[in-house]
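J.: Dumping the structure here so I can ask a few things about it.
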Amino acid sequence: MNKKIKKIVNKKNKSKIICLTAYSKNIALILDKYCDLILVGDSLGSVLYNYKSTKEVTLETMINHSKSVRYGVKKSLMVVDMPYNTYRNPNLALKNAKMIMKKTKCDAIKLEGGKKIIPIINNLIKNNIPVMGHLGILPQTEKKFTFKGKKIHEINKILKDAKLLEDSGIFAVVLECVESNLARKITKTLKIPTIGIGSSVNCDGQVLVIDDLIGLGESKFRFVKKYGNTNQLIKTAVKKYKFEVLKKQFPKAKHSFKTR
Ligand code: KIV
């Protein structure tokens, strides 16, 4: 097992695992100091490209953003989401995962789903590609974006999927919008870490979309906490720039070039 992955797995029951998304170098450079894991999430589809669903995100887009993120990640584990339709069967998944690993130099990839994708995960792990799972709300295929774990059949299915994923050899699993008690049960049952988003404090770690955390954009999800107001910071800076350009206070001589 890769050293960075081992470090994350070993945090279970000792220390919370800190994860955030990044889609570009400058953000990754900042996050790398504080995160255990940086995810190039296909959430970039809605966050950056205004897509209605992550289904529209292509492999090329994920690879390009991941290459940028790679320049900023030195110590954290870098995980890249495999986009929708790129892991329809074991052979296609292996071909695309190899391409992602080779072109982005990431440490691992993430796939959404449970029992259905076990043969795909088996093929990836057999070929030495580390895999992170994703259960609960599955944005790539979800019909109903409500939290998971209300009904007994849903609870049993997610628990069973979590166990199957662990047995297949994944090193961690994201739980997206999983009811608190179910998240606790999964976290207690599994030996691998659970990383929650909207799944309560009962998970081994937490992940958020960085744009939501810094208050860039208008995300209103219940599970988001805004830790900063980047919108306001940008507005203030741009307003000042506009004022200084209009008043001819910028650029000054020190920002300009002169031969004589
Ligand atoms: O795409 C993404 O950013 C994710 C996280 C929200 C877990 O999958």
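The values are calculated or read from the model by the stated rules, or taken from the named source; none is laboratory data. Small disclaimer: the values here were computed from a predicted structure and weren't measured. Glycine gets a Cβ as well: all are built from the backbone with ideal geometry, and neighbour counts include every protein chain shown.
J.: If a residue must be of a type outside the set (Gly, Ala, Ser) and not in a loop (DSSP other than H, G, I, E, B), how many such residues does the range 181-193 contain?
T.: Going through the range 181-193 one residue at a time, the tally reaches 8.
J.: Across the range 194-220, what is the total count of residues that are surrounded by 13 or more Cβ atoms within 10 Å (Cβ to Cβ) and assigned to a loop (DSSP other than H, G, I, E, B)?
T.: Selection size over the range 194-220: 12.
J.: For a quick check of your reading: which helices (runs of 4 or more DSSP H) sit entirely within the range 1-110 and have at least 3 residues that are at pLDDT 95 or above, closer than 24 Å to residue 142 by Cα and of a type in the set (A, V, I, L, M, F, W, C)?
T.: Numbers: elements: 3-9, 25-31, 44-47, 59-72, 90-104.
Hits in the range 1-110: 59-72, 90-104.
J.: Every residue in the range 150-180 that is assigned to a loop (DSSP other than H, G, I, E, B) and under 27 Å from residue 130 (Cβ atoms), please.
T.: 169, 170, 171, 177 - these are the residues of the range 150-180 that are assigned to a loop (DSSP other than H, G, I, E, B) and under 27 Å from residue 130 (Cβ atoms).
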